[in-house]
Number of protein chains: 2
Amino acid sequence: MEKLTNYTFDEITVGQTAEYRKQITERDIVLFADVSGDVNPLHLDAEFAAGTDFGERIAHGMLTGALISAALALELPGPGTVYLGQSLRFRRPVKIGDEISVQLEVVEKREDKGFITLDCKAINQDGKAVVTGTAEVMAPREKLSLPKPVLPEVSLAG
Amino acid sequence: MEKLTNYTFDEITVGQTAEYRKQITERDIVLFADVSGDVNPLHLDAEFAAGTDFGERIAHGMLTGALISAALALELPGPGTVYLGQSLRFRRPVKIGDEISVQLEVVEKREDKGFITLDCKAINQDGKAVVTGTAEVMAPREKLSLPKPVLPEVSLAG
């Protein structure tokens, strides 16, 4: 069974990096619209989007924010992380089919509270930053290695 | 047909407010786990979550971030908004069944670039702030009233 493991505060070093990759699909945009309620036609209606400056449907900016949050929760520090804060700058649109690489780097450790600051970059397949920002988390104190939960199957009509 | 309408930069005033409400369901947590890839057991496994400081499954913090982004995209300014930046502080957990009210208030208009800064608060049914932050957006110049897209039906197995 696949496992989720973490890095504890003591194991984490300034300069440590991690990566999390995901390709953005049309299905992701529909699911994100459903869960957030943001049914803006820029994300959902190809004809409308063609008439905007973007020229085609784009993903919700916060969908890339969700990938950054997943990178923190799954990769560095991983399970047991408490999310304290996040800043995000939306720099470029993400389009259907784009391959997003979230790159994390630990830039600060605060021993007193167990807080960690990470630089966060989401880069597309052309090497361009689409979203950048900074995360503040409380790193886990306890080493965890957990079975990776299996989600129920999600299907879309039509 | 239901319409999405916006406020243009010229229509927006400092102090203007808007609200967007959504109840967080188990289905939302599963969909957010699917779309982000964050299958942390704290969100998905009741038994695991019972053994944590939270005592029960909680929603992904960034799911509330997604509601803030939806409030900006749907309510204020609404369609045609370009998302520039967002800061988020995760203050309290959101649990299944919580009724979240996202409250936006315009705190600054910058005439030169059409930028608007909004104070963002996500409040639970007990009146407690769960997420707070600040959004920076480019407000639309053009008045829009668009048919609200209808999503394909999303279903979960089991």
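The values are calculated or read from the model by the stated rules, or taken from the named source; none is laboratory data. It should be emphasised that the depicted structure is a prediction, and the values quoted were computed from it without experimental measurement. Using ideal geometry, Cβ is built from the backbone for each residue, glycine included, and neighbour counts are taken over all protein chains shown. The protein model used for the area step is the full one, side chains on, heavy atoms only, and it has no ligands, DNA or RNA in it. Shrake-Rupley method; radii C 1.70, N 1.55, O 1.52, S 1.80 Å.
Looking only at Cα atoms, what is the convex hull volume of segment A:1-100 per residue, in Å³? Walk me through the numbers before you get to the answer.
Working: hull volume 13.5 nm³, N = 100.
Per-residue hull volume (Cα only) is 135 Å³.
Put +1 on the Cβ of each Lys and Arg and -1 on the Cβ of each Asp and Glu in the protein assembly as shown; which of A:Pro93, B:Cys120, B:Pro93 then has its Cα farthest toward the positive end of the dipole? My answer, from the dipole projection, is B:Cys120. Using a 1.4 Å probe on the heavy atoms of the protein chains only, list every residue of segment B:70-105 that has 50 Å² or more less accessible area in the complete assembly than in its chain alone. Checking the loss per residue gives B:Tyr83, B:Leu84, B:Gln86, B:Arg89, B:Phe90.
Counting from the shortest, the label point at A:Ser155, 7 Å from Cα toward Cβ, is 0.6 nm from the same position in each remaining copy. Legend: mean number of C-beta atoms from other chains within 10 angstrom of residue C-beta atoms, peptide B:147-153, equals 6. Find how many whole Å separate the alpha carbon centroid of segment B:1-55 from the alpha carbon centroid of segment A:2-81. Cα centres, segment A:2-81 to segment B:1-55: 14 Å.
Accessible surface buried at the B:A interface totals approximately 4400 Å², computed with a 1.4 Å probe on protein heavy atoms.
Axis of helix B:26-36 versus longest Cα principal axis of chain B: the two differ by about 70°, to the nearest ten degrees. Taking the Cα centre of segment B:1-155 as origin and assigning +1 to Lys and Arg Cβ atoms and -1 to Asp and Glu Cβ atoms, the resulting dipole is close to 260 debye. Binning the alpha carbon pair distances of the protein assembly as shown at 10 angstrom intervals from zero yields the distribution 6, 28, 36, 23, 7, 0, expressed in whole percent. Excluding the sites themselves, what is the longest stretch of chain B that contains no GluC sites (Glu not before Pro) in a DSSP loop with at most 15 other C-beta atoms within 10 Å? With a cap of 15 other Cβ atoms within 10 Å, the longest stretch comes to B:57-110.
Keeping the other protein chains in place, figure out the carbon and sulfur percent of the accessible area of chain B, with a 1.4 Å probe.
Numbers: 3220 of 6910 Å².
Taking all protein chains in place, chain B shows 47 percent carbon and sulfur surface.
Distance distribution P(r), segment B:61-158, all Cα-Cα pairs, bin width 10 angstrom from 0: 15, 41, 30, 13, 1, 0 percent.
For chain A, the longest principal axis of the alpha carbon atoms and the long axis of helix A:61-74 meet at an angle near 30°.
Need one number: convex hull volume per residue for segment B:106-158, Cα atoms only, in Å³. Display every interim value, and only then the final one.
Details: hull volume 9.4 nm³, N = 53.
Enclosed volume per residue, from the Cα hull, is 177 Å³.
Projecting 7 Å from Cα along the Cα-to-Cβ direction, the label point of A:Ser87 sits 0.7 nm from its equivalents in the other copies, listed shortest first. For B:Arg110, inter-copy separations between label points set 7 Å beyond Cα along the Cβ vector come to 2.7 nm, shortest first. Averaged over the residues of B:25-32, the number of partner chain Cβ atoms lying within 10 Å of the residue Cβ comes to 4. Per residue, what accessible area does the protein assembly as shown have, given a 1.4 Å probe and all protein chains present, in Å²? Ligands and nucleic acids excluded, the figure is 44 Å² per residue.
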